[in-house]
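Structure, as structure tokens:
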Amino acid sequence: MQQIAIKFEKNSEEQPEILIESAILKILANSNHILRFFSYGSHKNYKFMACELLGPNLIDLVNYKKPYKFSLHSVLKFGLQAIETLQIVHNKGFVHRNIKPV
């Protein structure tokens with residue numbers, strides 16, 4: 001059985017973020033490093049989006065075992081994947097406005 005992630009937000013007068021996010025994920029579908037989008041909908045007072053459930057985040061990975069740091073090889077691999085993903089996003093006409101180091 002496949003597990004999925006479901007993101008909810010309350011209906012509001014403002015532009016719903018989930019609607020925008022799901023539209024962007026549809027455009028970026030089948031791209032490397034982009035999670036798979038499954039569905040968007042609403043129920044009662046909520047809008048929702050269903051997408052692929054991803055694995056652990058980088059903080060969880062680095063804290064998994066001693067010495068609690070990544071190798072240079074891993075850091076370079078993560079950085080390259082981030083750059084490749086930004087290129088994909090930019091090539092589709094989007095600009096990410098909130099990129100910062102942790």
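We did not get these values from a lab; they are worked out from the coordinates using the rules stated. These figures come from a predicted structure and were not determined experimentally. Methodologically, a virtual Cβ is constructed for each residue, glycine included, from the backbone with ideal geometry; neighbour enumeration extends over all protein chains shown.
Between Leu76, Ile34, Ile6, the Cα set farthest toward the positive side of the dipole of the chain (charges on each charged residue's Cβ, about the Cα centre) is that of Leu76.
Number of Lys-Lys pairs in the chain with C-alpha atoms under 27 Å apart and a separation of 8 or more places or on different chains: 23.
Arranged from highest to lowest average of other beta-carbon atoms within 10 Å per residue, in what order do the peptides 80-93, 61-74 appear? Can you show the working numbers first?
Working: 80-93: 12.4, 61-74: 9.6.
Ranked from most to least packed, the peptides come out as 80-93, 61-74.
Quickly estimate the mean residue ellipticity at 222 nm for the chain, helices only: each DSSP H run with n ≥ 4 gives -39500 (n - 2.57), and the total goes over all residues, rounded to 500. Value at 222 nm, helices only, nearest 500: -11000 deg cm²/dmol. Residues whose amide H lies under 5 Å from that of Arg36, counting only those 5 or more places away or on a different chain, are Glu52; hydrogens are built 1.01 Å from N in the peptide plane. Length available on full extension from Gln81 to Asn63: 0.36 nm per residue minus the Cα-Cα distance, which gives 4.4 nm. Applying the Karplus relation 6.51 cos²θ - 1.76 cosθ + 1.60 with θ = phi - 60° to the stretch 63-77 yields 3J(HN,Hα) values of 8, 5, 8, 5, x, 6, 8, 8, 6, 4, 4, 5, 4, 5, 5 Hz, where x marks Gly and Pro. In the list (1) 1.28; (2) 0.97; (3) 1.02, the label attached to Rg/Rh (Cα atoms, Kirkwood Rh) as derived from the coordinates here is (3).
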